[in-house]
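Taking it in order: structure first as structure tokens, then the write-up.
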Protein chains: 2
Amino acid sequence: MILSALASALYSAFFINLTAALAVAQNTEPSSTHSHRAETPINYGMILFPAFQALDVFGPLDILNTLAFTHPINLALIASTLDPVTTRTVMNSAGSNFSESVVPTHTFANPPKDLDVLFVPGGAGTRAPEPALLDVIAYIKETYPSLKYLVSVCTGSTLLARAGVLDGKRATTNKKAWAWATSQGPNVKWVPVARWVEDGNIWTSSGISAGMDATFAWVSAVYGEAVAADTANGLEYERHTDPSWDPFAAIWDVPGSS
Amino acid sequence: MILSALASALYSAFFINLTAALAVAQNTEPSSTHSHRAETPINYGMILFPAFQALDVFGPLDILNTLAFTHPINLALIASTLDPVTTRTVMNSAGSNFSESVVPTHTFANPPKDLDVLFVPGGAGTRAPEPALLDVIAYIKETYPSLKYLVSVCTGSTLLARAGVLDGKRATTNKKAWAWATSQGPNVKWVPVARWVEDGNIWTSSGISAGMDATFAWVSAVYGEAVAADTANGLEYERHTDPSWDPFAAIWDVPGSS
């Protein structure tokens, strides 16, 4: 009992010391990086739907998990119901039993209030036939006007396109799925060679892993480059910081890539 | 009703075609990459514990999720209980409410049978005082002799070290947490500059993002380079393929890094 209490106290002390160190690190950033600080977002949302792509969700979220140590931010995981949402797809004819399930915190019918930033992942589930995804698309359409930022990863851009919020805007998407994905947004100015595209307050990334570079670029724009660089160093992540870096457009024969 | 059945048929047809295409791609690999195929693993496990690092888990798993489309493999998510496991840490004095929860499929008391490969993530939770993690450590110790491969990401190596399976072996770990992490394994030959280290059938990676490069290198060694390259292209991921690439050792002042 005494040992347990001691261990618990040591554990707390460790984290308090670490947090203090992080706070010091935060306060010693160049003040130039604080230019947007007053307007920085507080409330984040991530959409989940069946057969979402795991890294589309957890690449961006683990960057933000780290940001959350030094900045007071909140996360809502939003889905059709509060049941766990699986990555499992109907594609798996190899006979594998290989998937993960994540627990939502909110539903489209009872969403978080005052959302500042909404992330939309892609994945095989974006191809599900109606009426699947209609609640996702309606939620994006309804929520976008009050958001500070909307960010899609991979084929998540097809859901933004179907919600109409990309009409007339520049955007990108997964390069392997380019033909199908771009067909979902005939009024979108699709950019064939791009790791990510920023147009107004909408950021769209290329496929899967590109979501991490897009999120770091977004963090740099919104929280300052020092915060983005510190976060990447903590995650031991080498960023691509040039939005036009995109060898995968040529690899997947995207029209306009060569 | 008819429209719904049609949509469903189109949906199935799409995935069947895609799977067929993937199968063709698989069959056209150079036969030299099939050398280990007969011994390739079937049953994978990923350990979960409170305050795991999300990308330590989902970086490797999304590579394997993709591999599962063309190779029959199974995943068990193993934790102390079947309750969802959270990334939430006690570190979060910024006042954030920012975390995700994942649903386990097995417990240490009732683990999967015939496990071939076990992945062990890191994260703040690896610092939890005893008796936390004792079941994780006992499970690693007990399971290791029957595994084909054991792979740790980030400070997951501290759990391998505490289980004794790294004694006398070369290994690496998170570079920011180097001093603490290496103190958990006094008999381990810690490698200060390494994206990942392979010693026998144990692979240990550096911090967080390094888990993806380590997993791709492992996939290349076990399934062949063509499978690893195809998977990385599908994920639009640029791999680091040199295990000695590690700028983060110097960034975090790891002794022996300069």
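Tabulated data for the structure shown
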{"quantity": "Candidate set from region B:94-120 (those that are crowded, with 18+ Cβ neighbours inside 10 Å, of a type in the set (V, I, T) and part of a strand (DSSP E or B)); member that is farthest from the chain's Cα centre (by Cα)", "calculated": "B:V102"}
{"quantity": "Output for region A:72-91, where each listed residue is over 22 Å from A:I202 (Cβ atoms), facing another protein chain (nearest Cβ under 9 Å) and surrounded by 20 or more Cβ atoms within 10 Å (Cβ to Cβ)", "calculated": "A:T87, A:T89"}
{"quantity": "Hits in region A:166-183 (condition: open to solvent by 50 Å² or more (accessible area, probe 1.4 Å) and either small (G, A, S) or away from chain B (no Cβ under 13 Å) (or both))", "calculated": "A:D167, A:R170, A:A179, A:S183"}
{"quantity": "Given (1) modelled with pLDDT of 50 or more; (2) open to solvent by 10 Å² or more (accessible area, probe 1.4 Å); (3) not aromatic (F, W, Y), index of the condition B:I63 fails", "calculated": "(2)"}
{"quantity": "Conditions (1) in a loop (DSSP other than H, G, I, E, B); (2) at the interface with chain B (Cβ under 7 Å from one of its Cβ atoms); number of the one not met by A:N65", "calculated": "(1)"}
{"quantity": "Test: B:S146 is open to solvent by less than 10 Å² (accessible area, probe 1.4 Å), within 27 Å of B:P50 (Cα to Cα), among the polar types (S, T, N, Q) and modelled with pLDDT of 95 or more", "calculated": "no"}
{"quantity": "Residues of region B:210-231 that turn out to be in contact with a strand residue (DSSP E or B) (Cβ under 8 Å, 6 or more places away or on another chain) and open to solvent by 10 Å² or more (accessible area, probe 1.4 Å), as a count", "calculated": "2"}
{"quantity": "Cross-chain or 6+ apart pairs with Cβ under 7 Å, region B:124-144 first and in a loop (DSSP other than H, G, I, E, B), then crowded, with 21+ Cβ neighbours inside 10 Å and of a type in the set (F, W, Y)", "calculated": "B:L133/B:F49"}
{"quantity": "Residue in region B:22-40 that is out of contact with any Ser or Thr (no Cβ under 6 Å at 6 or more places or on another chain), modelled with pLDDT of 95 or more, open to solvent by 10 Å² or more (accessible area, probe 1.4 Å) and not in a helix (DSSP H, G or I) present", "calculated": "no"}
{"quantity": "Yes/no for B:T126 being closer than 24 Å to A:E236 by Cα, under 19 Å from the mean Cα position of the chain (by Cα), among the β-branched types (V, I, T) and modelled with pLDDT of 95 or more", "calculated": "yes"}
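The values are calculated or read from the model by the stated rules, or taken from the named source; none is laboratory data. Keep in mind that what you see is a predicted model, and the values were worked out from it rather than measured. Quick reminder, even Gly has a Cβ in these numbers, built from the backbone with ideal geometry, and neighbours come from all protein chains shown. SASA here: full protein model, heavy atoms, side chains in, ligands and nucleic acids out. Shrake-Rupley method; radii C 1.70, N 1.55, O 1.52, S 1.80 Å.
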